[in-house]
Amino acid sequence: MLPKQCQMALKEWAITVEAMAQGDQVLLLRKGGIHEEGKDFRVIHDEFLFYPTYLHQKEDLLQPSHQPALRKMLEETQDDTKVTFTYWAKAEEVLEISDQKKVDDLEPHYIWTTAYAQSKLHWKPKLPLSVMLLRVYKLEKPVTVSYLPEYGGCTSWVEVLTDVNLGNMEPVLDDAAFQKQVDEIKGSLGLTVTAG
């Protein structure tokens, strides 16, 4: 059963959130935000709102097919006094990888360049890279809250001051389409795919 409210949010590039909302991507690669406690990312919440961010998004970090969408997004005026939540996600599984070849093998499953994905792996090289397999849901209607200074900074997780009402959410991908992507990702990593 899906929750009706949520306070935890995960910051992610707006262009990546959009790709996940379109069902083009179901994974996130994370290793940490600069100001994380302990300086490394942890999947401390397996259910969260997507907090779309606009800093650090660059065309040359995206595969060419996704660059026009970013250009269009960056042309739109952003209201820095508000944050709008449109999508909620549940981490169905978290895999860990430490091998550059595996990051490269995932390339068909993400919108970034392999060089950018590799940079995530190489930051703090002793730590594995978390591959979060996310089931994404669209909120019944977008919820906008006022931006607060404590939401700023290079952290991954944000606790929203007020509960965000999720309403009756709908998955962006049906069960079969989601499972197909998960199986393809696991296949790319050389993992055994469970027959359904």
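Every number here is computed from the coordinates shown, using simple stated rules; none is lab data. On a predicted model such as this, the values are computed, not experimentally measured, just so you know. Don't worry about glycine lacking a Cβ; one is built from the backbone with ideal geometry, like all the others, and counts go over all protein chains shown.
Tell me the GluC sites (Glu not before Pro) within the stretch 41-105 that lie in a loop according to DSSP and have at most 15 other beta-carbon atoms within 10 Å. Each step should come with its number before you reach the end.
Details: sites: GLU47, GLU59, GLU75, GLU76, GLU92, GLU93, GLU96; in loops: GLU76.
Counting only loop positions with at most 15 other Cβ atoms within 10 Å, the GluC sites (Glu not before Pro) in the stretch 41-105 are GLU76.
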Handout entry: Using θ = phi - 60° and Karplus 6.51 cos²θ - 1.76 cosθ + 1.60, couplings along the stretch 140-152 (whole Hz; Gly, Pro as x)
Key = 4, 8, x, 10, 10, 10, 6, 6, 10, x, 5, 7, x
Practice task
Just order 145-152, 108-115 by mean Cβ neighbour count inside 10 Å, highest at the front, would you?
Solution key: 108-115, 145-152
Handout entry: GLU170-GLN118 pseudo-label distance in nm [points 7 Å out on the Cα-to-Cβ vector]
Key = 4.1
Fill in the blank from the handout: Which of [x] 11.6; [y] 12.2; [z] 11.1 is the computed mean projected area of the Cα convex hull in nm²? It is [z]
Fill in the blank from the handout: Which residues qualify? For LEU62, with a placed amide H closer than 5 Å and at least 5 residues away or on another chain, they are THR113
Completion exercise
Counting only residues 5 or more apart in sequence or on a different chain, those whose built amide H sits under 5 Å from that of CYS154 are HIS35
Practice task
Give the cross-link partners of LYS120 among the lysines, using a straight C-alpha distance below 17 Å as the criterion and excluding same-chain residues fewer than 8 apart.
Solution key: LYS11, LYS31, LYS39, LYS58, LYS101, LYS102
Problem - Using alpha carbons only: equivalent-ellipsoid semi-axes of the stretch 107-196, gyration tensor based, whole Å - result: 29, 23, 11
Exercise for the section: Apply the Karplus parameterisation 6.51 cos²θ - 1.76 cosθ + 1.60, with θ equal to phi minus 60°, to every residue of the stretch 159-170 and state each ³J(HN,Hα) to the nearest whole Hz, in sequence, with x for glycine and proline. Expected result: 9, 6, 4, 10, 4, 9, 6, 8, x, 8, 7, 10
